[in-house]
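Every number here is computed from the coordinates shown, using simple stated rules; none is lab data. Quick caveat, the model's predicted, so the values are computed rather than measured. Quick reminder, even Gly has a Cβ in these numbers, built from the backbone with ideal geometry, and neighbours come from all protein chains shown.
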Amino acid sequence: MLSTLKTEVLPPKSCGLKTEPGSMSQRSCVYFGARYVLGPIKEAVHLVHGAVGCSYYGKMVRGTPAPVWTTNMDEENVIFGGREKLKKALFQALQIDSSAKGAFVYLTCVSGLIGEDVTSVAQEVSEKVGKPVKVVSCPGFSGFSQSKGHELSYKLIFELIKPVEQAKEPVVNLIGEYNVGGETKVIKELLEKLGIKVHVSLTGEATWSKIETMAKASLNLMFCGATAENFCREMKRTFGIPFMKVSFYGFKSTSASLRKIAAFFDIPEEKVEKVIAEGEKWALSKIFPWRKYFYGKKALIVLGTYRLGPQGKMLKELGLEVVAAASIFGRLDDHVEAYSVTSRVTDDPGDCEVEEALKLLRPDIVLTNARDQWRPVKFGIPVLSFPQPKERGPYAGYKGMVNFAHDLYRCLRAPVWQLLRAEL
Ligand code: SF4
């Protein structure tokens, strides 16, 4: 039976392929991918050149509202062009938000399809106001998932960096760290215990000026390789700043990352081992009462790409079994990592495939994104949705492991699931 399930449930698909026509994909568009990375950058005007719906869609980024302006294109602009409207909106936005150091102008499907010459408007406004205006060429249709939006956003961020003198003390940048549920603060606190300062978190806590000076760091810590690996490589090539892949999800990864970072800065072993021992001891004592509820429980993961492996490892450390992991826009490295927690790994599952997996694998809990959460709910299966709101999490570091375990416990034990099951 098991071998049959292995081939029939969530059949493995390679990463980076287009969605099959007719399949109900949960992927977001290229524009949303760009908003995901650039949206929270402060000291910048974010102007969406498109229909107002795109701005609404790109307003919430990683569970938090991010300020956004729009040209609110209508039928007239589609027929006669919206350059003048864009110019006026850009001037107005930069005038109202006078503290902004520059602007990002996002192309959407509408402005992309009519071939709007946004670059010349950006150049004209930039020359007149004396501030850079970056064109984010991200019409929703210009790629088959949000990952293209991530990639082009990091290229634009790179263009903002200026050569500066390196800091004398240990300073790092967090790259591909998105401050979901306040995770940046937890990571900063742990690094501060080792005497390491964080200059900027891309783009969890990022301002235009901090990005401009990020070459002062002596090490880049890469969190999400899917979005940030090329950027880290480019920083190494241009500014000579090395990078290392780290993860602060789960006990093993957090402790291993702290040891790696400490070794890079020649921080005494006793110092880092003390931080690790304290963190692990505190977290294990908090988690202990809930552990008995986790053993033997089955979990299904359907998430972006980067969290598949890390979140799976956290579940395993708590005693759960990961029955399958599916990414929305997978990447090979992330799939390889996910194979360390389950033998069933796939990409871009359609609605029917997820439904089949729920019926046949009968997980006790599903970890998935906001869009996919309702199907398990209808089956009466507990769901932890991502990105988690501030009331849940952060899930990074030792504190994060306690929060994660607590949320799992609360979710698995919530009486509402019994009522839903009884209804089926
Ligand atoms: S697919 Fe196109 S129209 Fe829809 S949100 Fe993305 S950019 Fe806007």
Candidates per trypsin sites (Lys or Arg not before Pro) in segment 146-175, loop by DSSP, up to 15 other Cβ within 10 Å: Lys168
Charged-residue dipole, Cβ positions (Lys, Arg, Asp, Glu), segment 30-143 about Cα centre, Debye nearest 20: 460 debye
Interchain or long-range residues, amide H under 5 Å from Val133's placed H: Ala103
Peptides 108-117, 182-191 ordered by average Cβ neighbours within 10 Å, highest first: 182-191, 108-117
Packing-based exposure ordering (other Cβ within 10 Å, fewest first) of His49, His335, His150, His199: His199, His335, His150, His49
Segment 330-424: GluC sites (Glu not before Pro) falling in loop per DSSP and having at most 12 other Cβ within 10 Å: Glu391
For Ser126, Ser340, order by how many other beta-carbon atoms lie within 10 Å, fewest first: Ser340, Ser126
Computed over segment 274-358: relative contact order in percent, which uses C-alpha pairs under 8 Å that are six or more apart: 25 percent
Per-residue [θ]222 nm for the chain (sum of -39500 (n - 2.57) over DSSP H runs n ≥ 4, rounded to 500): -13500 deg cm²/dmol
Charge dipole (debye, nearest 20) of segment 103-228; +1 at Cβ of Lys and Arg, -1 at Cβ of Asp and Glu: 280 debye
Other-chain or far-sequence residues with amide H under 5 Å of Ser201's (modelled H): Leu174
Arg362-Glu189 FRET efficiency (beta carbon distance; Förster radius 60 Å; 0.05 resolution): 0.95
Shape of segment 30-143, Cα gyration tensor, a/c cut at 1.5: oblate
Charge-dipole axis of segment 209-270 as Lys and Arg at +1 and Asp and Glu at -1 on Cβ define it, positive-most pick from Met222, Thr254, Ile267: Met222
Least to most buried among Arg291, Arg392, Arg35 (fewest other Cβ within 10 Å first): Arg291, Arg392, Arg35
Candidate aspartates and glutamates for bridging to Lys85, where Cα separation is under 19 Å - those fewer than 8 sequence places away on the same chain excluded: Asp74, Glu75, Glu76, Asp97, Glu116, Asp117, Glu124, Glu127
Net lengthening on full extension, Arg413/Ile96 (0.36 nm per residue, minus Cα-Cα): 109.2 nm
C-alpha center-to-center spacing [segment 128-146, segment 311-366] in angstrom: 33 Å
Whole-number percent relative contact order across the chain, with pairs defined as alpha carbons under 8 Å at least 6 apart: 18 percent
Amide H contacts of Trp69 (H built 1.01 Å from N, under 5 Å, at least 5 apart or other chain): His46, Leu47, Val48
Gain in span if fully extended, Glu169 to Glu212, counting 0.36 nm per residue against the direct Cα distance: 13.6 nm
Of the DSSP H helices in the chain, those whose Cα atoms cover at least 30 Å axially and whose Kyte score averages 1.6 or more: none
Fully extended contour minus Cα-Cα distance, from Gln373 to Glu269, at 0.36 nm per residue: 33.1 nm
Dipole in debye (nearest 20) - the chain, about Cα centre, beta carbon charges: Lys, Arg +1; Asp, Glu -1: 980 debye
For the chain: rounded, prolate or oblate by the Cα gyration tensor [a/c cutoff 1.5]: oblate
